[in-house]
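The values are calculated or read from the model by the stated rules, or taken from the named source; none is laboratory data. What you are looking at is a predicted structure, and each value in this text was computed from that prediction instead of being measured. We place every Cβ from the backbone using ideal geometry, glycine too, and count neighbours over all the protein chains shown.
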Amino acid sequence: MSIITFPKDFRFGVSTAAYQIEGAYNEDGRGMSIWDTFSRIPGKVRNGDNGDIACDSYHRIDEDIALLKELGVNTYRFSIAWPRIFPNGRGEVNQKGLDHYHTFVDKLLENGIEPLCTIYHWDLPQALQDEGGWKNRQTIEAFVEYSDLLFHEFSGKIKSWLTINEPWCVSFLGYFVGEQAPGEKNLQSALDVAHHLLLAHGKTVKRFKELGIPGEIGFAPNVTWYEPFSDRPEDIEACKRISAWFTEWFFDPVFKGSYPQILVDWFAAKGAKVNIEEGDMEFINQPIDILGINYYTGTVSRYKEGQGTFDCEHIDIGFDHTDIDFTIYPEGFYKVLMDIKNKYGDVPIYITENGATYNQDPIDGRVRDDKRIKYLKQHLTQISRALNSGVNLKGYCIWSLMDNYEWSYGYSMRFGLVHVDYQTLKRTKKDSYYWYSKLNQNYWFEV
Ligand code: IFM
């Protein structure tokens with residue numbers, strides 16, 4: 001047995017996102033988002049599920065905050081729904097939307113829980129999509145306007161901000177793979193969108209600094225780790241390329257002000273390029289205060305001509321999988337954190353998402369999710385290892401507080417520490433919830 005310990009100032013939390021939990025999709029003046037539209041297109045989301053009701057968290061502020069309080073977390077990462085604030089994406093402000101988040105944030109603070117707020121977690125107002133969405137540079141300015149309003153409104157209450165969650169998913173899943181809203185399949189569109197998201201991020205960080213808002217700001221990319229199957233140069237190169245798709249493509253512009261050449265060339269060979277206008281890279285290359293990292297999975301891979309976009313195939317070497325079929329590779333977490341440290345330095349890092357899907361329902365009122373506890377222990381062990389190796393880690397948030405709407409998987413995938421019955425909306429704390437609450441009290445656990 002060994003004991004894994006964490007510093008007493010470490011921030012432990014849980015994460016959620018507005019569209020995935022709130023419901024109340026047409027209440028109090030909320031406008032439509034691209035997910036309201038996408039989820040209604042037959043065949044796009046498993047079982048035709050949508051976020052109309054979700055976990056009904058919009059109406060259950062007290063119940064959900066009581067769950068957070070008993071869990072003992074000192075941080076809650078949530079997102080604000082852009083279409084609740086600007087139903088048309090820009091212009092007229094919806095006061096009821098602002099009031100909702102004021103009530104929510106005030107109650108978090110009364111309960112000693114620090115908000116960590118994501119400004120954009122994928123619910124673009126449909127009105128902006130109708131004008132071209134993230135492919136249209138005007139959306140960047142609308143995003144800055146929206147962020148600016150939030151900064152003024154919540155100044156002094158929300159001190160930790162993340163501009164954009166997982167720009168890789170928004171751009172490449174939404175515009176190249178087509179699995180997420182708006183569901184396009186075009187590499188050039190994905191590159192344009194990725195660039196505009198980075199610009200929206202950079203311009204927002206710049207605005208935040210100019211306003212002198214107290215607090216810290218960054219973004220939350222998703223990363224993964226590709227371990228080469230052998231030391232053959234082509235395997236190493238293939239893994240570098242595909243890793244760069246997740247990491248360097250988004251990190252290099254922010255930290256270095258340029259795109260990684262290895263992928264610029266790769267995309268050029270496929271007829272796609274980044275459309276950079278004068279001054280863009282300077283806007284993107286703003287110093288950030290914090291970096292959010294989302295990590296779930298890694299894999300062993302090797303070169304295979306014609307395989308996927310990057311001539312790279314995954315090899316099953318017997319790792320376990322979660323129910324969503326993500327390969328469990330905790331060591332990859334350590335490796336990617338070290339890689340980020342080596343390439344980008346020591347910006348303070350919050351793990352903004354990490355967690356596992358296991359689709360269990362309660363039996364006699366209890367959810368014995370031992371596999372989730374095992375996953376969390378394995379990944380927290382790697383975090384502790386990274387801390388001991390000098391990675392500037394400040395906090396860790398589990399995805400997710402509760403089971404919720406898992407995008408194109410609908411309600412079929414459960415990531416929560418709390419089980420949600422989607423018929424009754426009853427919340428049931430899982431064994432992992434009780435396990436995490438002990439860690440939140442003690443700052444250590446046994447392995
Ligand atoms: O549910 C998502 C979340 O919205 C973004 N990151 C990954 C999670 C699990 O797939």
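List of remarks:
- Index of the failed condition, Glu305 passing every other in (1) charged (D, E, K, R); (2) out of contact with any Gly (no Cβ under 9 Å at 6 or more places or on another chain); (3) part of a helix (DSSP H, G or I): (3)
- So Tyr259, is it within 24 Å of Phe6 (Cβ to Cβ) and crowded, with 17+ Cβ neighbours inside 10 Å: no
- In the stretch 333-366, the qualifying residues are those that are within 16 Å of the ligand (Cβ to nearest atom) and not in a strand (DSSP E or B), and the one that is surrounded by the fewest Cβ atoms within 10 Å (Cβ to Cβ) is Asn359.
- Candidate set from the stretch 313-332 (those that are part of a strand (DSSP E or B) and over 19 Å from the mean Cα position of the chain (by Cα)); member that is farthest from Leu263 (Cα to Cα): His321
- Looking across the stretch 367-390, the residues that are assigned to a loop (DSSP other than H, G, I, E, B) and surrounded by fewer than 18 Cβ atoms within 10 Å (Cβ to Cβ) come down to Arg368, Ser389, Gly390.
- Scanning the stretch 90-133 for residues that are β-branched (Val, Ile, Thr) and more than 16 Å from the ligand (Cβ to nearest atom) yields Val93, Thr103, Val105, Ile113.
- Residue pairs whose Cβ atoms lie under 6 Å apart, sitting 6 or more positions apart in sequence or on different chains, and linking a residue in the stretch 323-338 that is within 12 Å of Asn354 (Cβ to Cβ) to a partner that is among the charged types (D, E, K, R), are Ile328/Asp320.
- Among residues of the stretch 1-42, those that are assigned to a loop (DSSP other than H, G, I, E, B), of a type outside the set (S, T, N, Q), away from the ligand (no atom under 16 Å from the Cβ) and closer than 25 Å to Ala356 by Cα, counted: 4
For (1) under 26 Å from Ala272 (Cα atoms); (2) modelled with pLDDT of 95 or more; (3) surrounded by fewer than 24 Cβ atoms within 10 Å (Cβ to Cβ), each residue gets a yes or a no:
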position	(1), (2), (3)
Gln129	yes, yes, yes
Asp148	no, yes, yes
Glu153	no, yes, yes
Leu173	yes, yes, yes
Glu184	yes, yes, yes
Leu199	yes, yes, no
Gly202	yes, yes, no
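- Matching residues in the stretch 92-120 - criterion: being over 20 Å from Tyr25 (Cα atoms) and either loosely packed, with under 15 Cβ neighbours inside 10 Å or hydroxyl-bearing (Ser, Thr, Tyr) (or both): Asp106, Leu109, Glu110, Asn111, Gly112
- Of the criteria (1) touching a helix residue (DSSP H, G or I) at 6+ places or on another chain (Cβ under 8 Å); (2) within 24 Å of Ile164 (Cα to Cα), which one Gly271 fails: (2)
- Note on the stretch 43-68: residues that are out of contact with any His (no Cβ under 9 Å at 6 or more places or on another chain) and either part of a loop (DSSP other than H, G, I, E, B) or crowded, with 17+ Cβ neighbours inside 10 Å (or both) amount to 17.
- Top-ranked residue in the stretch 137-179 [being of a type in the set (Phe, Trp, Tyr) and closer than 23 Å to Trp249 by Cβ; ranked as nearest to the ligand (Cβ to nearest atom)]: Trp168
- Residue that is crowded, with 20+ Cβ neighbours inside 10 Å and either among the polar types (S, T, N, Q) or in a strand (DSSP E or B) (or both), where the choices are Arg77, Arg84: Arg77
- Taking the stretch 154-168 as the range and being among the hydrophobic types (A, V, I, L, M, F, W, C) and in a loop (DSSP other than H, G, I, E, B) as the test, only Ile158 passes.
- Phe310 vs. criteria under 21 Å from Ile236 (Cα atoms), touching a helix residue (DSSP H, G or I) at 6+ places or on another chain (Cβ under 9 Å) and part of a loop (DSSP other than H, G, I, E, B): yes
- Candidate set: the stretch 208-256, residues that are over 21 Å from Phe283 (Cβ atoms) and acidic (Asp, Glu); chosen: the one surrounded by the fewest Cβ atoms within 10 Å (Cβ to Cβ): Asp231
Results for (1) in contact with a helix residue (DSSP H, G or I) (Cβ under 7 Å, 6 or more places away or on another chain); (2) within 16 Å of the ligand (Cβ to nearest atom); (3) modelled with pLDDT under 95, shown as yes or no for each residue.
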| site | (1), (2), (3) |
| --- | --- |
| Tyr375 | no, yes, no |
| Asn392 | no, no, no |
| Leu417 | yes, yes, no |
| Lys426 | no, no, no |
| Ser437 | yes, no, no |
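- Note on the stretch 169-287: enclosed helices (runs of 4 or more DSSP H) holding 3 or more residues that are under 22 Å from Tyr120 (Cβ atoms) and within 22 Å of the chain's Cα centre (by Cα) are 187-211, 248-256.
- Here Asn285 meets each of (1) of a type in the set (S, T, N, Q); (2) over 26 Å from Lys209 (Cβ atoms); (3) in contact with a Pro (Cβ under 8 Å, 6 or more places away or on another chain) with one exception, condition (2).
- As a summary of the residue check, Ile158 satisfies the conditions (1) farther than 21 Å from Gly212 by Cα; (2) buried (at least 17 other Cβ atoms within 10 Å of the Cβ); (3) of a type outside the set (Lys, Arg) except for the one numbered (1).
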